[in-house]
Amino acid sequence: MRTVRNVHERILDAPATAVGALVDRLSAPDDPLFPSPAWAPMAFDRPLRVGAAGGHGPVRYGVTAYEPGRRVRFRFTPPDDGFHELTVEPLEDGRCRLRHVLESRMGPGDLLMWTLAIRRAHETVVREVLDNAELVVTGTVARPVRRTALVRLLQRMESEKATAAELPAGARLARGAYERPDFTDAWQIALRPGMPHDVAAWRDVLPFPVVAQEGAELLLGRDAGHLDFRASVLVEDGRVTLSTVVRIHNRRGRLYFAVVRRFHPRVVRRMLRRAWRRRALGAPSAGERERARLRAGAGARAEAGGRTGPA
């Protein structure tokens, strides 16, 4: 076994209280630091405190030490042996140091994986956490991290996968498309924090014209002499669901769909996951979302002050 220690830190031109308040919101729905949706979010079975268990993606850990505004330590779930932690250290002139430390004992196999791939992904995630903190408290990032080709490949492998589902009750347009459809199916993917929940943002999942829209559902489709089909894109309950409904007209349609049906699930899953990845990687970062919330809050306060101020 060998002990690996990995340290990243950044001096921030902001008071420790401001940066510590951001650390206290790790794993919250409005987490301003962890780089989701580009990466799986940090999530626990309860709010951030000692005893909370969870992790991010396949990496599992629990909170073993927490000093609000100053330090939080996460110990890896066995059989992994080690911890990672974030600390905020006050410095002179109103600045502070935000530091992330990982320490883990690894056997030969884990050490090889760490050296070849995992270290690159880990360091990218940590640097993105530091970038988000710097952006929120200063408004800019001096040297933002760049994702290498290897990291982008690992990110692709880590992205969510589409799973089979029942035709959702909320997909009313799909359910009402045909009185007696010859085929229906549905595939869905969970949305990560920061991904769009407006169904209009998912218009390009399939390259077919929109025939109807109702609430959180878009209905796309095309009619032909041998069969008609409708594809429903529904965004609700933190998921995007792609459903297909087919009506066959004749023997030619049955023969055609007998062939298409063999490849349909694979093609639909791939297209849905590709659209999901585009939105996950193209979404504003956690730091950008927090800056937008701060600007919106400042604007609302200014507007309220203008309404209640002297005439």
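Every number here is computed from the coordinates shown, using simple stated rules; none is lab data. Here the structure is a predicted model, which is why all the values come from computation and not from measurement. Here the Cβ is made from the backbone with ideal geometry for all residues, glycine too, and neighbour counts use every protein chain on show.
Values as computed for the structure displayed
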{"quantity": "Cα-based Rg and Dmax for the chain, where Dmax is the largest Cα-Cα distance (Å)", "calculated": "23.9, 80"}
{"quantity": "C-alpha center-to-center spacing [the stretch 41-57, the stretch 145-169] in angstrom", "calculated": "21 Å"}
{"quantity": "Cβ-based net charge around Ala190, under 9 Å, with every Lys or Arg adding one and every Asp or Glu removing one", "calculated": "+1"}
{"quantity": "Check: the stretch 163-281 dipole with +1 on Lys, Arg Cβ and -1 on Asp, Glu Cβ, in debye", "calculated": "700 debye"}
{"quantity": "Segment Arg119-Ala21, length gained on full extension (0.36 nm per residue, minus Cα span)", "calculated": "32.5 nm"}
{"quantity": "Calculated over the stretch 2-158: convex hull of Cα atoms, volume per residue (Å³)", "calculated": "110 Å³"}
{"quantity": "For the stretch 180-233 and the stretch 104-122, distance of Cα centres in Å", "calculated": "41 Å"}
{"quantity": "Within the chain, longest stretch clear of exposed trypsin sites (Lys or Arg not before Pro) (DSSP loop, no more than 11 other Cβ within 10 Å)", "calculated": "162-311"}
{"quantity": "Computed P(r) (all Cα pairs; the stretch 163-281; 5 Å bins; percent)", "calculated": "2, 12, 23, 25, 20, 11, 5, 2, 0, 0"}
{"quantity": "Inter-label distance for Val210 and His264, nm, one decimal - labels placed 7 Å from Cα along Cα-to-Cβ", "calculated": "2.5 nm"}
{"quantity": "Length added when fully stretched, Arg46-Phe183, from 0.36 nm per residue minus Cα-Cα", "calculated": "45.2 nm"}
{"quantity": "Computed [θ] at 222 nm, helices only, for the chain once each DSSP H run of length n ≥ 4 contributes -39500 (n - 2.57)", "calculated": "-11000 deg cm²/dmol"}
{"quantity": "Gained length - Asp237 relative to Arg172, 0.36 nm times residue gap less alpha-carbon distance", "calculated": "21.9 nm"}
{"quantity": "Simple label model, 7 Å out from Cα along Cβ direction - Glu158 to Ala28, nm", "calculated": "2.3 nm"}
